[in-house]
Amino acid sequence: MYRFLLSRQWVILTLLTLALIPTMIELGFWQLHRHEHKVALNEVIATSLAAKPVPAETLTAPGRTIAHDDLYRRVTARGTFDPAHEVVVRRRTNADGEVGFHVLTPFVLDDGRVLLVNRGWIPATGVQTQFPKVPAPARGEITVTGRLMADETTAESGIKNVRGLPDRQIMLISSGQQARQLGKRVLGGYVEQTAPAPRGGSPELIPDPEHGDIGPHMAYAVQWWLFSAGVPVGWFVLVRRERRDRAEAAAKESAPEAAPAPV
């Protein structure tokens, strides 16, 4: 009755069904983990932004990785900017989606150590292979306030760290890379400056990250699990339909031919 399941077509369909079920279940758990990560990150951001600023040196040191719970933590630092060694980070967008650069300037602390400060966004104008015109930072010794951030990696950002870039241009912010370039002790991670505000509003300060939206990941997880449950149901419906069609065809073939009507 179900011998048709041994046909090549049905064997392939059954194997495909068996492969789809665990794949869809796994995709559902992947979306669930993304949901959990987003919820946890939102909690870290909210807690960090609400906390009082602390000295940056208390949360980072040369060669240290920024702890997850310290991400976006408001920190302060006292020192002077070193614009002669600043670099720009390519392909960064502002709140309006315009493409430009982030300005990364070394901030020399009183003890000689360096804190990398992302002073904000500037538009990309002119030839991309040339160093853009960057507004000068504040002169003299000042106190900078900002959000503590971890070094950027390709795995986290999805951005490739391209080689052979024009002079003083980078793709990812890496305290280790800048330490090698400067030949100085550079604190791990970097700071997104929030104060003082730049003269004339440029560079454009990076706004606080959004942390109220958890995204559609949970809905996607449920969707994948529903798909995984629907696959065997669909397979069963197709089997029943095939069996019914074959039974009807067999019945027609075995039915006796009608006798001719008398003349």
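The values are calculated or read from the model by the stated rules, or taken from the named source; none is laboratory data. Remember, it's a predicted structure, so these values are computed and weren't measured experimentally. Glycine gets a Cβ as well: all are built from the backbone with ideal geometry, and neighbour counts include every protein chain shown. These accessible areas exclude ligands, DNA and RNA; they are computed on the full protein's heavy atoms, side chains included. Shrake-Rupley method; radii C 1.70, N 1.55, O 1.52, S 1.80 Å.
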(request) Output the number of the condition that Arg139 fails; it satisfies all remaining conditions of (1) assigned to a loop (DSSP other than H, G, I, E, B); (2) among the basic types (Lys, Arg); (3) open to solvent by less than 70 Å² (accessible area, probe 1.4 Å). (result) (3)
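Restricting attention to strands (runs of 3 or more DSSP E) lying wholly within the stretch 51-119, give those where 2 or more residues are out of contact with any helix residue (DSSP H, G or I) (no Cβ under 7 Å at 6 or more places or on another chain) and within 27 Å of His37 (Cβ to Cβ).
87-93, 99-109
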(message) Go through (1) in contact with a Leu (Cβ under 7 Å, 6 or more places away or on another chain); (2) buried (at least 17 other Cβ atoms within 10 Å of the Cβ) for Trp10 and report which single condition fails.
(response) (1)
(request) Only one of these is open to solvent by 70 Å² or more (accessible area, probe 1.4 Å), assigned to a loop (DSSP other than H, G, I, E, B) and either free of Cβ contacts under 8 Å to residues at least 12 places away in the same chain or not polar (S, T, N, Q) (or both): Thr125, Thr129. Name it. (result) Thr125
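Looking only at residues in the stretch 13-42 that are open to solvent by 60 Å² or more (accessible area, probe 1.4 Å) and in contact with a His (Cβ under 8 Å, 6 or more places away or on another chain), which one is nearest to Ala249 (Cα to Cα)? Step through it out loud before you land on a result.
Let us first name the residues in the stretch 13-42 that are open to solvent by 60 Å² or more (accessible area, probe 1.4 Å), namely 15-16, 18, 20, 22-23, 25-26, 29-30, 33-34, 36-38.
Now restrict to residues that are in contact with a His (Cβ under 8 Å, 6 or more places away or on another chain): 34, 38.
Numbers: Arg34: 51, Lys38: 56 Å.
The selected residue is Arg34.
Given the condition modelled with pLDDT under 85, within 45 Å of the chain's Cα centre (by Cα) and either β-branched (Val, Ile, Thr) or open to solvent by less than 50 Å² (accessible area, probe 1.4 Å) (or both), answer yes or no: does some residue in the stretch 185-205 qualify? Talk me through it step by step, then tell me what you get.
Of all residues in the stretch 185-205, those modelled with pLDDT under 85 come to none.
No, the stretch 185-205 contains no residue that is modelled with pLDDT under 85, within 45 Å of the chain's Cα centre (by Cα) and either β-branched (Val, Ile, Thr) or open to solvent by less than 50 Å² (accessible area, probe 1.4 Å) (or both).
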(request) Can you tell me which residue within the stretch 84-107, out of those that are hydrophobic (A, V, I, L, M, F, W, C) and surrounded by 19 or more Cβ atoms within 10 Å (Cβ to Cβ), is farthest from the chain's Cα centre (by Cα)? (result) Phe107
